Amino acid sequence: MVNRYLPTPVLHRVTEKDGFVFVGGTACDDTSLDIKGQTREAVAKLDTYLAAAGSDKTKLLFIWVYLKDLGDKEAMNDVMKEWLAPEDMPARATICPGTLGPGMLIELIVTAYK
């Protein structure tokens, strides 16, 4: 059985199957923020979303980071180092698709376990 959490009209923010937790695209609501501000807001949302499925940031397996501008990678990394302890850093890919939603500088997708 698939468990689904935090429904919206078009998706569930989090799904879980066999102890694996999947969090869909997570971004900042306040697009007036700079990359550090948007990253901080997005990871705070991830904390909430992971908790809904009985997980947390210490159980992250992989993060897909989508950046509007690859030049923001260092600033994003600074926030990731604030958010995660060194021993909890998961595998990660950083992708620059060239465009995200209006005003968005970052979007995160994660896989974790329970």
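The values are calculated or read from the model by the stated rules, or taken from the named source; none is laboratory data. Keep in mind that what you see is a predicted model, and the values were worked out from it rather than measured. Here Cβ is always computed from backbone atoms with ideal geometry, including for glycine, and neighbour counts include all displayed protein chains.
Structural remarks
- Some residue of the stretch 30-49 being modelled with pLDDT of 95 or more, assigned to a strand (DSSP E or B), loosely packed, with under 12 Cβ neighbours inside 10 Å and not aliphatic (A, V, I, L, M): no
- Filtered residues of the stretch 67-106 (kept if exposed (fewer than 12 other Cβ atoms within 10 Å of the Cβ) and of a type in the set (Lys, Arg)): Lys81
- Residues being part of a helix (DSSP H, G or I), under 12 Å from the mean Cα position of the chain (by Cα) and hydroxyl-bearing (Ser, Thr, Tyr) - total across the stretch 50-77: 0
- The number of residues in the stretch 5-29 being part of a strand (DSSP E or B) and either surrounded by 14 or more Cβ atoms within 10 Å (Cβ to Cβ) or free of Cβ contacts under 8 Å to residues at least 12 places away in the same chain (or both) comes to 16.
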